[in-house]
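For reference, the structure discussed in these notes is given below.
The values are calculated or read from the model by the stated rules, or taken from the named source; none is laboratory data. Since this is a predicted model, take the numbers as computed values, not measurements. Here the Cβ positions follow ideal geometry from the backbone for every residue, glycine too, while neighbour counts run over all protein chains shown. Note: areas computed on protein heavy atoms with side chains; ligands, DNA, RNA excluded. Shrake-Rupley method; radii C 1.70, N 1.55, O 1.52, S 1.80 Å.
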Amino acid sequence: MCKLMILSITLFVIVLVKRAKTETVRYEVYEEKVAGTFVADISQEKIPVKFRRGGFTNIAYEISNGFARNYLQVDRSTGIIRTRTVIDREKLAPVLTNDILQVQVTVSADGPVSSLMSVEVLIRDINDNPPSFPKKQEDLLILESAPLNSRFRIEVADDPDLGSYSVNKYEIIKGNDEGFFALSVKRFSKVNLVFLNLVNIKKLDRERNDSFELVIKASDKGSPPLSDTKTLNVTILDSNDHNPEFSTDLYTAELKENLPEGTFVLTVSATDKDLGTNGEIRYYIDYKSLHKEIFKINSVTGEVRTKKALDYEFGQPGQTYRLTIAAKDRGPDSIPVIAVASVKVRFYYQYYYMLKITNDIIEMI
C-alpha cells in the first residue's frame with residue numbers, strides 16, 4: 001500500500017511539472033549593478049512550490065544555458081539568482097531580444113524528477129552613455145540663393161541608451177546670433193531613425209556673411225542631462241546675385257585729330273561683388289553705339305583704342321564721339337550694365353598750318 005501511494009504521488013508531481021513547463025517567469029535588473037546584485041528568488045514560483053507540495057524537500061536549482069551563466073548565477077539550494085558580473089546593456093543589446101536575457105533553470109528533486117523553468121530577465125537601461133557626435137567638426141556648403149526654409153542634412157549624434165536617456169534635443173548654442181538658421185529634427189520611431197537638418201530661415205548673402213561657425217549641442221533627458229557638441233562650418237557659396245558696377249557712369253577723353261590707329265583713348269572699369277565666373281567681367285561696345293566702327297575695346301582690361309584716325313571735321317566740326325560700353329559678368333543669367341564714353345577731338349593746328357602751307361606752295365607752282 002505504501003509503495004502504491006509513493007508511486008501515485010510521484011506520478012502526480014510529474015504530471016504537475018509537465019503542465020508547468022510552458023510557464024515563464026519574468027524579473028528585471030538595472031544594468032551596471034555590482035556583481036552579486038539580487039535579481040530574483042525563484043523558489044516561490046509554481047514548479048518549486050509543486051515539488052514541495054509533492055513531498056520533495058531536496059530541491060536544487062541550476063542554470064542550464066551557458067550564455068546566461070556568463071552573467072547570472074543561481075544558488076543551488078535557495079533558488080536565489082544574482083548577477084555574476086557587471087552587466088552592460090549596450091554591449092548585450094545586439095544578442096538580446098527587447099533587452100531580455102533568456103535564462104533556462106533546471107529544477108530537480110530527489111531521484112530523477114526535474115523540470116525546466118524559463119526565466120526572462122529584463123536588463124533595465126540607465127543613463128550611462130552621453131550623446132556622441134561621430135565627428136567633432138562637420139563642413140556644409142550652402143548656395144546663397146537657396147530658397148528660404150531649405151533643409152540641409154547634417155549628421156546626428158549617437159546614443160546607445162533608450163527612451164529619454166537617448167538623444168532628446170538638438171540646439172544651436174553658438175554662432176547664430178543673427179538667427180539665420182534653425183534646426184529641424186524628424187524622428188521615425190518604428191525604424192529608430194532620426195534626420196537632423198539645418199534650415200536657413202533668413203535670406204543668406206555671401207557678400208555680408210560668407211561663412212558661419214555654428215556649435216551644435218545634442219543632449220538627452222537624463223537627470224542631469226548628458227550632452228555633446230560639434231562645430232558645423234557653414235560656407236556660403238556665391239550666386240550670381242550682383243551685377244557689375246562701373247566706377248562712373250560717364251568716361252571722358254580728349255584726343256588730337258589724325259592720331260594713328262590704335263591710339264589709346266581711355267579705360268573703363270567695373271567691379272562685381274560676386275566670386276569666380278559670377279564676378280568675372282567682360283566689356284564690349286554696345287551694337288547700338290553710333291561710332292562703334294571707329295573704336296575697339298579690350299574685353300578683359302576695358303581699354304579703349306581707336307580703329308582709325310579721328311577727324312575734327314567729321315560730321316560737324318568739333319563734335320564729340322560717344323560710345324555706349326557694356327559690362328557683363330560670365331555667370332548664369334547675367335544682366336549687362338552700361339556706361340557712356342565721350343571722346344572729344346581737338347583741332348590739330350600744326351597739321352592745319354602745314355597743310356595750308358603745302359597747298360599755298362602748290363598754288364604758287
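Please determine whether any residue of the stretch 127-147 is within 30 Å of LEU72 (Cα to Cα) and in contact with a Phe, Trp or Tyr (Cβ under 6 Å, 6 or more places away or on another chain). Yes: the stretch 127-147 contains one or more residues that are within 30 Å of LEU72 (Cα to Cα) and in contact with a Phe, Trp or Tyr (Cβ under 6 Å, 6 or more places away or on another chain). Among the residues making up the stretch 115-143, a single one is among the acidic types (Asp, Glu) and at pLDDT below 90: ASP128. When you check PRO147 against the structure, is it under 27 Å from the mean Cα position of the chain (by Cα), modelled with pLDDT under 90, under 27 Å from VAL194 (Cα atoms) and not charged (D, E, K, R), yes or no? The answer is yes for PRO147. Scan the stretch 322-344 and tell me whether some residue there is in a loop (DSSP other than H, G, I, E, B), more than 30 Å from ARG208 (Cα to Cα) and modelled with pLDDT of 90 or more. No, because not a single residue in the stretch 322-344 is in a loop (DSSP other than H, G, I, E, B), more than 30 Å from ARG208 (Cα to Cα) and modelled with pLDDT of 90 or more.
Residues in the stretch 260-276 that are at pLDDT 90 or above and of a type outside the set (Phe, Trp, Tyr): PRO260, GLU261, GLY262, THR263, VAL265, LEU266, THR267, VAL268, SER269, ALA270, THR271, ASP272. Within the stretch 278-294, is even one residue more than 47 Å from the chain's Cα centre (by Cα), at pLDDT 90 or above and not aromatic (Phe, Trp, Tyr)? The answer is yes; a qualifying residue exists. The criterion of at least 1 residues that are touching a helix residue (DSSP H, G or I) at 6+ places or on another chain (Cβ under 6 Å) is met by the following helices (runs of 4 or more DSSP H) wholly inside the stretch 20-95: 46-53. So which of ILE216, ILE173 ends up being touching a Ser or Thr at 6+ places or on another chain (Cβ under 8 Å), among the hydrophobic types (A, V, I, L, M, F, W, C), farther than 30 Å from ARG330 by Cβ and open to solvent by 80 Å² or more (accessible area, probe 1.4 Å)? Answer to the check: ILE173. Looking at this structure, is LEU122 touching a residue at least 40 places away in the same chain (Cβ under 8 Å), out of contact with any Ser or Thr (no Cβ under 6 Å at 6 or more places or on another chain), part of a strand (DSSP E or B) and closer than 28 Å to SER166 by Cβ? When the stated conditions are applied, LEU122 passes them. For the subset of the stretch 46-66 comprising residues that are hydroxyl-bearing (Ser, Thr, Tyr) and within 18 Å of ILE81 (Cβ to Cβ), which member is modelled with the lowest pLDDT? Checked the stretch 46-66; the qualifying residue modelled with the lowest pLDDT is SER64.
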